[in-house]
Amino acid sequence: MNRLVGAISAFCSVCFVLAGLWLGSANSPAFAASEAPHTGMQSWTFSGVFGHFDRAQLQRGYKVYQEVCSNCHGMRLLSFRNLGEAGGPEFSEAEVKAIAAGFQVVDGPNRDGEMFERDGKPSDRFVSPFKNDNEARSANNSALPPDLSVIGKARGLHREVPWYLAPFNWLQEIAAGYQEGGADYMFALLTGYAEAPSDFKLAEGMEYNKVFPGHQIAMPPPLSDEAVEYTDGTPQTVTQYARDLSAFFMWAADTKLEQRKQLGFRVMIYLLILTVLLYLAKRKLWSRVKH
Amino acid sequence: MSHESTYKPNSNFEKWMDERLPIIRMSAEISSFPTPRNLNYLWTFGGILTFCLVVQIVTGIILAMHYTPHVDYAFDSVQHIKRNVNFGWLLQGIHMVGGSMFFLAVFVHMFRGLYYGSYKAPREILWILGVVLLLLMMATAFMGYVLPWGQMSFWAATVITNLFSAIPLIGESIVQWLWGGFSVDNPTLNRFYALHFLLPFMIFGVVVLHIWALHVTGNNNPIGIDVKGKQDTLAFHPLYTLKDGFALAVFAILFAWFVFYAPDYLGHPDNYIQANPLQTPPHIVPEWYFLPFYAILRAIPSKLLGVIAMVSSILVLFILPWLDTSRVRSAKFRPLYRIFFWIFVVTCLGLGYLGAKPPEGNYLIFARLFTAYYFIHFLIVIPMLGLIERPKPTPNSISESVLGKSKGGGGQPDAVPAAPENR
């Protein structure tokens with residue numbers, strides 16, 4: 001009996017990991033099915049066990065953020081150096097320096113006790129568009145544009161399932177390592193602007209959005225086709241911009257994602273071997289006693 | 001079942017030590033501790049829990065070196081750990097997931113105790129220390145969840161500390177005393193940090209008592225029959241160390257899966273929004289391991305009674321050893337209790353599910369039904385069962401059940417099976 005349980009749990013853990021590896025290897029059919037019009041789970045290069053970022057996509061995402069979003073939204077937790085680090089957009093050292101130098105950073109006080117402005121350096125944090133929340137509100141019709149540093153993790157997509165399916169839903173999401181809710185939400189939001197239904201009362205200065213809670217959002221549709229120039233031939237559409245931005249926000253919120261998944265794979269292999277060895281040793285030892 | 005010491009000092013140094021601080025004797029006795037030979041894998045969770053505690057303490061101490069307990073910096077300092085500290089993302093991930101794994105293991109451990117009657121004489125103190133550990137764990141986890149200073153941190157702290165205001169007359173004063181002010185603010189964060197650092201060491205102390213009590217009474221076992229002699233037991237090491245080690249490795253796979261592939265799955269996205277006292281999140285939900293208790297709290301329309309029910313749902317465990325009137329420990333031989341045990345498991349899972357749902361409509365109705373059954377189970381079903389249930393005949397001894405009757409060894413003649421109706 002005991003031996004059976006041992007064998008079963010060893011078997012189950014192997015199955016669990018294999019199932020995860022399978023479900024986790026990006027585009028599993030289970031998820032592709034729910035890829036309806038722009039809501040629900042999208043397929044991302046960074047999902048699953050072998051998930052990794054698409055460098056070009058992150059670089060495009062940064063460009064869209066820089067040219068569009070950063071007019072109102074800061075990303076105070078990121079530094080310019082992050083843009084050049086492994087596992088990110090991986091801009092070259094020169095590019096990072098050039099990007100940083102494009103910003104004026106307040107530094108000081110100098111010897112005279114005065115604050116002064118200088119060119120940005122890679123070690124500087126991203127420069128926020130407003131000095132403080134009050135200034136941000138006053139420039140935005142009293143709405144506060146949130147900082148986007150961790151927005152990729154601060155939002156999620158909630159799948160409503162009947163109670164009897166909930167455990168299966170959890171198991172599927174855990175086995176797939178589903179962590180892309182933030183990117184899914186951002187993509188759905190950015191592509192979710194529409195005409196308000198005729199019976200919907202929209203408050204003054206608000207926009208209708210299919211995904212935003214309550215459907216009223218203060219942010220005007222930020223993206224439009226051809227608004228940002230892509231030099232690599234990628235289509236210049238709202239959908240593509242939204243996809244690239246969402247990926248960029250996911251990286252910004254989780255800069256160690258690739259390192260985490262790579263180390264995780266090695267740890268998993270190690271633990272699997274350890275588990276099998278322990279099981280065999282245990283079985284050998286216990287075969288000498290009745291239990 | 002304290003056993004005679006078999007340790008003999010081998011060297012002059014060991015003899016010298018043994019006369020001054022018999023610590024070598026103690027570890028020798030722990031490793032040779034006679035353990036029932038029939039323990040199943042549910043008995044491996046004690047070791048797994050010890051592992052969880054050590055992991056939390058080690059990662060927690062390192063995190064404390066980089067964390068800043070201030071309302072203006074706490075949120076950013078956690079991000080600093082994840083972004084800039086070497087392997088900070090790993091330490092923080094292990095610590096965050098580790099809390100959930102700790103509770104997962106402790107729930108299995110407790111249901112094991114309930115199923116096999118491990119709380120019954122002579123293990124009442126062992127069980128009570130376990131309930132104390134649960135309470136300490138809950139307090140520690142709650143205060144730890146406040147430290148990242150996200151929206152859920154802040155509002156969980158507000159909701160839970162506000163529960164004390166339900167106490168008549170002095171409630172408001174107690175809440176202000178807990179807060180160190182008139183709302184959850186910097187003094188609250190500071191004291192929660194201090195207590196979150198302190199409590200794990202209190203847990204460690206009670207764990208020592210828990211294990212001490214275990215070594216006085218010895219393990220319960222799946223058939224719930226007392227150990228009658230040497231033929232019933234095996235030395236803890238290496239048989240059970242290896243079995244525990246294997247179970248721990250399986251557990252570690254699940255643990256690592258969450259750490260590396262779904263670190264945020266068990267948390268709430270709102271906790272990545274910095275705490276904002278002026279903006280209440282649409283749904284305030286505690287961590288998953290508190291959901292059953294949260295469901296009980298909200299199932300009752302009166303705040304004071306809700307708090308009392310929630311607290312009682314744990315306090316009732318303290319008197320469980322005296323509520324149970326059945327002399328048979330293991331549910332293996334209790335056909336009726338076995339059914340009610342599984343109903344109780346479903347009740348707890350149901351409460352957990354409902355704790356995450358808004359308290360309205362059918363959700364509220366079921367939350368009330370489950371809450372009622374939770375208490376009926378302890379206060380009515382368990383006392384009654386012992387009186388009306390006819391237990392199945394129990395084997396004479398562990399060795400008899402394991403080795404079969406023909407080989408004997410129970411030290412008693414194989415004549416009659418134990419009285420079938422041990423009432």
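The values are calculated or read from the model by the stated rules, or taken from the named source; none is laboratory data. Since we're looking at a predicted model, the values are computed, not measured. As a convention, Cβ positions derive from the backbone with ideal geometry for all residues, glycine included, and neighbour counts pool all protein chains shown. We work out accessible area using only protein heavy atoms, side chains counted, and drop any ligands, DNA or RNA first. Shrake-Rupley method; radii C 1.70, N 1.55, O 1.52, S 1.80 Å.
Summary table below
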{"item": "Filter result (open to solvent by 30 Å² or more (accessible area, probe 1.4 Å) and away from every other protein chain (no Cβ under 14 Å)) within the range B:70-98", "result": "B:His70, B:His95"}
{"item": "Residues satisfying the stated conditions in the range B:224-250, i.e. part of a strand (DSSP E or B), at the interface with chain A (Cβ under 10 Å from one of its Cβ atoms) and of a type in the set (S, T, N, Q)", "result": "none"}
{"item": "Residue match in the range B:16-34 (condition: open to solvent by less than 30 Å² (accessible area, probe 1.4 Å), in contact with a strand residue (DSSP E or B) (Cβ under 6 Å, 6 or more places away or on another chain) and more than 25 Å from B:Phe201 (Cα to Cα))", "result": "yes"}
{"item": "Residue count, the range B:265-305 (criterion: part of a helix (DSSP H, G or I) and either free of Cβ contacts under 8 Å to residues at least 40 places away in the same chain or open to solvent by 50 Å² or more (accessible area, probe 1.4 Å) (or both))", "result": "6"}
{"item": "Of the criteria (1) in a loop (DSSP other than H, G, I, E, B); (2) open to solvent by 30 Å² or more (accessible area, probe 1.4 Å); (3) in contact (Cβ under 8 Å) with a residue 40 or more places away in the chain, which one B:Asn10 fails", "result": "(3)"}
{"item": "Selection count, the range A:234-280, where residues are more than 14 Å from chain B (Cβ to nearest Cβ) and either surrounded by 22 or more Cβ atoms within 10 Å (Cβ to Cβ) or at pLDDT below 95 (or both)", "result": "8"}
{"item": "Breaking point among (1) of a type in the set (Asp, Glu); (2) closer than 25 Å to A:Ala154 by Cβ; (3) touching a helix residue (DSSP H, G or I) at 6+ places or on another chain (Cβ under 8 Å); (4) free of Cβ contacts under 8 Å to residues at least 40 places away in the same chain, for A:Glu207", "result": "(3)"}
{"item": "Selected residue (only one of B:Tyr373, B:Tyr353, B:Tyr363 is open to solvent by 50 Å² or more (accessible area, probe 1.4 Å), hydroxyl-bearing (Ser, Thr, Tyr) and out of contact with any His (no Cβ under 6 Å at 6 or more places or on another chain))", "result": "B:Tyr363"}
{"item": "Members of the range B:1-48 found to be closer than 24 Å to B:Val402 by Cα and either touching a Gly at 6+ places or on another chain (Cβ under 6 Å) or modelled with pLDDT under 90 (or both), listed by number", "result": "B:Met1, B:Ser2, B:His3"}
{"item": "Qualifying residue in the range B:208-223 (condition: closer than 30 Å to B:Met65 by Cα, more than 14 Å from chain A (Cβ to nearest Cβ) and either of a type in the set (Phe, Trp, Tyr) or in a loop (DSSP other than H, G, I, E, B) (or both))", "result": "no"}
{"item": "Verdict on B:Ser165 being within 30 Å of B:Ala309 (Cα to Cα) and more than 14 Å from chain A (Cβ to nearest Cβ)", "result": "yes"}
{"item": "Every residue from the range B:148-197 that is open to solvent by 20 Å² or more (accessible area, probe 1.4 Å) and assigned to a loop (DSSP other than H, G, I, E, B)", "result": "B:Pro148, B:Ile167, B:Pro168, B:Leu169, B:Ile170, B:Gly180, B:Gly181, B:Phe182, B:Ser183, B:Asp185"}
{"item": "Residue list for the range B:63-77, filter: under 17 Å from B:Leu198 (Cβ atoms) and of a type in the set (A, V, I, L, M, F, W, C)", "result": "B:Leu63, B:Ala64, B:Met65"}
{"item": "Residue list for the range A:184-197, restricted to those being more than 12 Å from chain B (Cβ to nearest Cβ) and either within 21 Å of A:Phe126 (Cβ to Cβ) or free of Cβ contacts under 8 Å to residues at least 12 places away in the same chain (or both)", "result": "A:Leu190, A:Pro197"}
{"item": "Condition check for A:Arg155: under 30 Å from B:His268 (Cβ atoms), touching a Leu at 6+ places or on another chain (Cβ under 7 Å) and without any contact (Cβ under 8 Å) to a residue 40 or more places away in the chain", "result": "no"}
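Every residue, every condition in (1) out of contact with any helix residue (DSSP H, G or I) (no Cβ under 6 Å at 6 or more places or on another chain); (2) facing chain B (nearest Cβ under 9 Å); (3) at pLDDT 95 or above, yes or no:
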site: A:Lys131; (1), (2), (3): yes, no, no
site: A:Ile151; (1), (2), (3): no, yes, yes
site: A:Leu157; (1), (2), (3): no, no, no
site: A:Glu160; (1), (2), (3): yes, no, no
